[in-house]
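The values are calculated or read from the model by the stated rules, or taken from the named source; none is laboratory data. Only a predicted model underlies this, so the values are computations on that prediction, with no experimental measurement involved. In this analysis, Cβ positions are derived from the backbone assuming ideal geometry, glycine residues included, and neighbour counts consider all displayed protein chains. Surface accessibility is based on the protein's heavy atoms, side chains included, excluding ligands, DNA and RNA. Shrake-Rupley method; radii C 1.70, N 1.55, O 1.52, S 1.80 Å.
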Amino acid sequence: MRTGIRVLAFLAFVLSACTPTTNSEPTPITPAVSPTSTASASASPTPRRTDSLVTYENPFLGYRIALPQTYRRLTARYFTAGSVPGGLVGTDAYTLLTEQQQRADNATAETEVVVIHAGDWTYVISPTMWPSPHRLEDIASTFATIARQPVPTPSPAPAPDVARAAASALAASLGAAFTARDAAAVARLMEECRISVSPVIDGAAGLPNSGGGGLGRSVALFTQALRDRFAAGDLSVTVASNVELDANKAYFVRSEWKEPDRTVRIDLVLRLRDGQWRWTEARHYYSRADLGSPPCIPYRSPWVSSGGRC
């Protein structure tokens, strides 16, 4: 779970986490803005300090909001009509974290939400990690709609031969980084926040009888753990030279993760993200015998931080 706040405009806007912004810098002011209409849930009991505010606006999503200056703006994303269930138009993202800070892998169970109805659009504001360091209602009270502009046209999908060549180049870079045992070089080729991790058991996805077993691993924690494993000399990774297409038309490259007592096949899924090819997902292959009793997915460092069997 990410540190920040998420605003969905169905449409959508997010105060959450990880990549540096490519948007213009905000204008620091102290606004006096009335919310459109709000319905809020419970507030977090965590004490909050009073911060000066910075106003942000997005004419493509048609809103303006003021946030404590401790937030920084991330990269906006927009979606074509019908491409995302629920009528989602786009997302804006803001975070309390610096690019260097690590994130915890779990969040508390506390929830907060503010729903704002503005004409024929609905905005939902919620924290993505709890307790939130700032009172959600105070942030929501600065929300105001602005004149909307057409959402930018997304870049066309690359031609298949171009995509395959780019995915192959990424696979080669990953292979070189793993061969050099350079955890930082590996991290530069990954998603900037989290990587999806999932098991395949005897050819079927998920833990038997549950369909589960997947997780979202913090890239910062993964990188540090990978560095530690490389330093210990008990892990080596070999990446194949050719990329393949899976059933979902995503490119992947096979890899082998060798440890003193086992070798695990992991497919490295490669996708185009905001104009750059990234390693976004890791599919681990196990047999039922690997699950033990009681059954559990035998992930190890750098995929998990715990040192137990699972």
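Compute the length gained on full extension between Ala172 and Tyr285: take 0.36 nm times their separation in residues and subtract their Cα-Cα distance, giving the result in nm to one decimal. List each step's numbers first, then the result.
Details: separation 113, 0.36 × 113 = 40.68 nm, distance 2.15 nm.
Net length gain for the segment: 38.5 nm.
Per 0.36 nm of contour for each residue apart, how much would the distance between Val115 and Phe79 grow if the chain were fully extended, relative to their Cα-Cα spacing? Let's see the in-between values first.
Working: separation 36, 0.36 × 36 = 12.96 nm, distance 2.11 nm.
Contour length minus Cα-Cα distance gives 10.8 nm.
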So, in nm, how far is label Arg262 from label Ala165 when the simple model puts each one 7 Å beyond its Cα toward the Cβ?
4.1
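Would you mind working out the accessible area per residue for the range 150-230, using a 1.4 Å probe, and quoting it in Å²?
Details: 3820 Å² over 81 residues.
Accessible area per residue: 47 Å².
Give the Rg/Rh ratio for the range 158-309, taking Rg as the radius of gyration of the Cα atoms and Rh as the Kirkwood radius, to two decimals.
Working: Rg = 15.1 Å, Rh = 15.9 Å.
Rounded to two decimals, Rg/Rh equals 0.95.
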Run the quick spin-label model on Asn248 and Phe60: label points 7 Å from Cα toward the beta carbon, then report their separation in nm to one decimal.
2.3
Between the modelled labels at Thr179 and Ser196 (7 Å from Cα along Cα→Cβ) the distance in nm is 3.0
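Could you compute Rg(Cα) / (2.2 N^0.38 Å) for the range 198-288, with N its residue count?
Details: Rg = 14.1 Å, N = 91, 2.2 N^0.38 = 12.2 Å.
Compactness ratio reported: 1.15.
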Once R0 is set to 41 Å, what does the formula 1/(1 + (r/R0)^6) return for the Cβ-Cβ distance between Asp138 and Asp274, expressed as a FRET efficiency to the nearest 0.05?
0.85
Of the chymotrypsin sites (Phe, Trp or Tyr not before Pro) in the range 162-240, those whose Cβ has at most 11 other Cβ within 10 Å and which sit in DSSP loop
none
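Probe radius 1.4 Å, ligands and nucleic acids ignored: give me the carbon and sulfur share of the accessible area of the range 234-280 as a rounded percent.
Numbers: 1020 of 2370 Å².
Exposed carbon and sulfur together represent 43 percent of the surface.
Using 0.36 nm per residue of separation minus the Cα-Cα distance, give me the extension gain between Ala204 and Ser293 in nm, one decimal. Before the final figure, lay out the partial values.
Working: separation 89, 0.36 × 89 = 32.04 nm, distance 1.89 nm.
Result: 30.1 nm gained on full extension.
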